[in-house]
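Heads up, the thing below is written out as structure tokens.
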Amino acid sequence: KALKISPSEFFEVQQRIINSLKRQVARLSHAHAESTLGQIGGMNLEMDEEGGARRAIPIIGSVAGGYPQEFASDGLPVDDVSEFVFVPRVDDEKAFAIHCVGDSMQRNSAPSFEEGDILIFSPKLQVQNRDFVFARLERHKPMFRQIMYDPNAWLRFQPLNMEYPPVVCSREEVISTFRLISVVKRT
């Protein structure tokens, strides 16, 4: 009453201040995470049990968000980095990780990938027949599948779960493929 401000105006101003502070904390937290990434005891990379370096790989997106849908000009996925996973013997600074989504790559025998598993891909490595890949195609959503080279320049992106059909396309329809190099199973 003394300030002659209605309670709703007062609370709106407070809420704006709180929201501004939350944004600043998020920016500072993100900047701190990037500046200290992998720095343990003054070292740039974390060491594994055998004394080898482990590279921090960004995990892009989330299980709930599905596979990344936006990509940079170099073809790499662009999305929020939720956390990092440390993996030994990865010499690709552009390596990235995503969460396995759905049950299309799950079966009763190995290999099998469950929803929530962390899949690590390397843009540096060449994709070979029968490799597991994260693929972008012209007329399909990005997917995680096993790639098969069929005769006459056709590619088949095969799910491991036989309840899902494969995606068959020409090589010209493939925008990019990234080879799977490691899997961190969910616990």
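The values are calculated or read from the model by the stated rules, or taken from the named source; none is laboratory data. Being a predicted model, the structure only gives us computed values, none of them experimental. Backbone-built Cβ (ideal geometry, glycine too); neighbour counts: all protein chains shown. Heads up: the accessible areas ignore ligands, DNA and RNA and are worked out on the full protein's heavy atoms, side chains in. Shrake-Rupley method; radii C 1.70, N 1.55, O 1.52, S 1.80 Å.
Things worth noting here:
- Computed about its Cα centre, the charge dipole of the chain is approximately 480 debye, with only Lys, Arg, Asp and Glu carrying charge at their Cβ.
- Spin-label model distance (nm) - Lys141 vs Gln24, 7 Å beyond Cα toward Cβ: 4.0 nm
- Protein heavy-atom surface of the chain, 1.4 angstrom probe: 52% of the accessible area is carbon and sulfur, with nucleic acids and ligands not counted.
- Relative to the longest principal axis of the Cα atoms of the chain, the long axis of helix 7-35 lies at roughly 40 degrees.
- 18 Å cut-off, amide nitrogen to a point 7 angstrom out along Ser170 Cα→Cβ, residues in the stretch 140-161: 140, 149-157
- Around the amide H of Phe86, modelled in the peptide plane, lie the amide H atoms of Ile57, all under 5 Å away and 5 or more residues distant in sequence or on another chain.
- Leading residue at positive end of dipole, the chain (Cβ point charges), from Val174, Val78, Phe121: Val78
- Accessible solvent surface per residue of the chain, calculated while the other protein chains remain in place, 1.4 angstrom probe, Å²: 64 Å²
- The chain: calculated mean residue ellipticity at 222 nm from DSSP helix runs of at least 4, using -39500 (n - 2.57): -5500 deg cm²/dmol
- Taking a sphere under 9 Å around the Cβ of Glu138 and counting the other residues whose Cβ falls inside, with K and R at +1 and D and E at -1, yields a net charge of 0.
- GNM result for the chain, Cα springs below 10 Å: residue of Arg156, Arg55, Arg23 fluctuating most strongly: Arg23
- Here the peptides 56-65, 145-154, 98-107 are ranked by packing, the mean other Cβ count within 10 Å, and the order with the highest first is 98-107, 56-65, 145-154.
- Centroid-to-centroid separation of the stretch 153-169 and the stretch 93-149 [C-alpha atoms, Å]: 12 Å
- Formal net charge of residues neighbouring Pro166 (Cβ-Cβ distance under 9 Å; K, R +1; D, E -1): +2
- Vicinal HN-Hα couplings computed from phi for the stretch 130-143 (Karplus, 6.51 cos²θ - 1.76 cosθ + 1.60; Hz; Gly/Pro x): 6, 6, 8, 9, 9, 10, 10, 10, 4, 10, 9, 6, x, 8
- Couplings for the stretch 74-86, taken from phi via the Karplus curve 6.51 cos²θ - 1.76 cosθ + 1.60 with θ = phi - 60°, read 7, x, 6, x, 10, 6, 5, 8, 7, 6, 10, 10, 9 Hz in order; Gly and Pro are left as x.
- In a simple Cβ point-charge model (Lys, Arg +1; Asp, Glu -1; nothing else charged), the stretch 57-138 has a dipole of about 320 debye relative to its Cα centre.
- For Val184, neighbours were defined as the other residues whose beta-carbon sits under 13 Å from its Cβ, and their charges (Lys and Arg +1, Asp and Glu -1) total 0.
- Cα gyration tensor shape of the stretch 81-131, rounded if a/c is under 1.5, else prolate or oblate by comparing a/b with b/c: oblate
- Rounded if a/c under 1.5, otherwise prolate or oblate - the chain, Cα gyration tensor axes: prolate
- Phi angles of the stretch 154-171 translate, via the Karplus equation with coefficients 6.51, -1.76, 1.60 and θ = phi - 60°, into HN-Hα couplings of 9, 10, 10, 9, 9, x, 7, 7, 6, 7, 10, x, x, 9, 10, 8, 7, 5 Hz per residue; Gly and Pro are given as x.
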